[in-house]
Each structure stands twice: as structure tokens, then as C-alpha cells.
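K.L.:
Pasting a structure below so you can have a look.
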Amino acid sequence: QSALTQPASVSGSLGQSITISCTGTSSDVGNYNLVSWYQQLPGKAPKLLIYEVTKRPSGVSNRFSGSKSGNTASLTMSGLQAEDEADYYCCSYAGFSTWVFGGGTKLTVL
Amino acid sequence: QVQLQESGPGLVKPSETLSLTCAVSNYSITSGYFWAWIRQHPGKGLEWVGSISHSGRTYYNPSLKSRVTISLETSKNQFSLRLSSVTAADTAVFFCVRVFPDNYMDVWGKGTTVTVSS
């Protein structure tokens, strides 16, 4: 069970859009439409942003969207705001009630 | 709303057993979700430690399986984590989490820091 691969860092300017990728294998990301994304602000617990690849929980801004192609899932953030600066983690169901996380991506808003 | 709160010793000696508890408020742990422990090493990413179903079936990260035990304490509406034979590599923030079965993690505790040191 290896961690999913995310870029260590991404950056974008206020108002711009960015995309964070999350690459797994045919045993996890590629096999299930059960990828979720979490936002972790400094010193805080992670917060669910996206589940089942594309769905947003109630209360999450529609500036956040998710997609998947093959073994790679992506999180897109549009209209970047200063408060979006955080760490972002993908997570995939990996079968038999097990989960695997990505290594996390630090977003810097310029 | 549903709330989770971790508790336990913040310092554990090497080779001993780490024990944490997660108290769940406003939701019965036997009502249908899974419950999990996630850990985060200092400055690092998240790692799924293991989960337990509402009926008590357990699932563990293969890399930790020989040392981990997760259990339900239904009378107290809480669940617990035991990690044996700890080393400094087990120093981490531990989060307890509610899990929609085989899907996403929707409610997180604030996390508790555990340091392994003599």
C-alpha cells in the first residue's frame, strides 16, 4: 500500500485557478470512484472538500472541483483567495475497507 | 453536530504501548459509520492507521497491523487505539475520524500529539 503521489507544492496568484494532481494505481484511484480531498489549515485538523471524485459536501465553496482520469485524480481551485493557502491531501479507497493518502501539497497564494 | 475528541498521554516511552481514546458526541458509534485513526508525523502527510466498523470489525494498515488494536467502547460511546512497541518513529499527531463506509472521512477530531521519548 504505497502513498498516492502529489506535487509537494503549487502556487497561484489571487483570482487565478490551480490544479493539484494525485496519482495512484489501478488498485486504488484507478479502480474506485472513491477519491476524496481534504484541506488542512495550519495547526488544524483536515476538512473534507470533495468526495466520490467530484461531489462537494454542503457548505464547501463551488470554487473547489474534482475530477479523475485513469489512475490520476485532480483537485481544481478557481478564483484563488488568500484563505485557500493550506495543505491539500487526496485520499483513495483501496479495497477491503482500507484507505491510502497522498503525500500532501502545500498551496501558496501569491 | 457530531463531535470527536481525542484523549490520552502526550508522552510515551519507547517499547511501551500508546493508548488513545476518542469520545464521540451527538452520534451513536453503533449506528452505521466506520471509525478510524489517522496519524500525521511532524511536518509530514496523513497516514491511515486503521478503522473499525459500527459492529466492531477491524481493518488495519498493513505496515502497522502487527502492533495496532482498535476497539469500540459502546457503553461510553467511544473508540480506542492501542499501538504497541512504540519507537520515536511513532511520534505524531493522531486524529480520530468518522468514516462513511468504504468512502470518505467527514468528521475529524482536533488531534492529539503523542511524543515517544524516554
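The values are calculated or read from the model by the stated rules, or taken from the named source; none is laboratory data. Just so you know, these numbers come straight off a predicted model, no measurement behind them. All Cβ positions, glycine included, derive from the backbone under ideal geometry; neighbour counts span all protein chains shown. Only protein heavy atoms, including side chains, enter the accessible area calculation; ligands, DNA and RNA are left aside. Shrake-Rupley method; radii C 1.70, N 1.55, O 1.52, S 1.80 Å.
K.L.:
Counting only residues 5 or more places away or on other chains, whose amide H sits under 5 Å from the amide H of A:TRP99 once H atoms are built in the peptide plane?
P.N.:
Long-range HN contacts for A:TRP99: A:ALA94.
K.L.:
So what's the net charge close to A:TYR93: Lys and Arg +1, Asp and Glu -1, counting the other residues with Cβ under 13 Å from its Cβ?
P.N.:
-2
K.L.:
Hey, can you grab everything whose amide H is under 5 Å from the amide H of A:THR108? Only 5+ residues off in sequence or another chain; H modelled, so Pro and N-termini drop out.
P.N.:
A:VAL10, A:SER11, A:GLY12
K.L.:
In whole angstrom, how far apart do the alpha carbon centroids of region A:14-73 and region B:9-35 sit?
P.N.:
Their Cα centres are 27 Å away from one another.
K.L.:
In sequence order, what are the phi-derived ³J(HN,Hα) couplings for region A:23-28 according to the Karplus relation 6.51 cos²θ - 1.76 cosθ + 1.60 with θ = phi - 60°, rounded to whole Hz, with x for glycine and proline?
P.N.:
Whole-Hz 3J(HN,Hα) from phi for region A:23-28: 10, x, 9, 6, 8, 10.
K.L.:
So, one more: Each residue of region A:89-97 in turn: what ³J(HN,Hα) in whole Hz from Karplus with 6.51, -1.76, 1.60 and θ = phi - 60°, glycine and Pro shown as x?
P.N.:
Once θ is set to phi - 60°, the couplings for region A:89-97 become 10, 9, 8, 10, 5, 10, x, 6, 6 Hz.
K.L.:
I've got another one for you. Write out the cysteines belonging to chain A for which the nearest other cysteine Cβ is not under 4.7 Å, or none if no such cysteine exists.
P.N.:
A:CYS91
K.L.:
If you count only protein heavy atoms and use a 1.4 Å probe, how large is the accessible surface of A:ARG56, to the nearest 10 Å²?
P.N.:
Here the accessible area works out near 100 Å².
K.L.:
Mind listing the long-range amide H neighbours of A:GLY30? Cut-off is under 5 Å, sequence gap 5 or more, other chains count too, H placed in the peptide plane at 1.01 Å from N.
P.N.:
Close amide H contacts, sequence-distant or interchain: A:THR25.
K.L.:
With springs only between Cα atoms under 10 Å, which of A:SER11, A:SER61, A:SER97 fluctuates most in a Gaussian network model of chain A?
P.N.:
A:SER97
K.L.:
Now for a different question. Can you compute the charge dipole magnitude of region A:2-102 about its Cα centre, using +1 on each Lys and Arg Cβ and -1 on each Asp and Glu Cβ, nothing else charged? Give it in debye, rounded to the nearest 20.
P.N.:
Dipole about the Cα centre, nearest 20: 180 debye.
K.L.:
Would you list, by chain and number, the lysines whose Cα falls below 23 Å from the Cα of B:LYS44, excluding same-chain residues fewer than 8 positions away?
P.N.:
Those lysines meeting the cut-off are A:LYS44, A:LYS47, A:LYS106, B:LYS13, B:LYS65, B:LYS110.
K.L.:
Per residue of region A:56-62, what does 6.51 cos²θ - 1.76 cosθ + 1.60 with θ = phi - 60° give for ³J(HN,Hα)? Whole Hz please, x for Gly and Pro, Karplus curve as stated.
P.N.:
Using θ = phi - 60°, the values come out as 10, x, 4, x, 8, 4, 6 Hz.
K.L.:
Could I ask something else about it? DSSP loop (so not H, G, I, E, B), at most 14 other Cβ within 10 Å: list which chymotrypsin sites (Phe, Trp or Tyr not before Pro) in region A:7-110 pass both filters.
P.N.:
When the chymotrypsin sites (Phe, Trp or Tyr not before Pro) of region A:7-110 are filtered for loop state and at most 14 Cβ neighbours within 10 Å, A:PHE96 remain.
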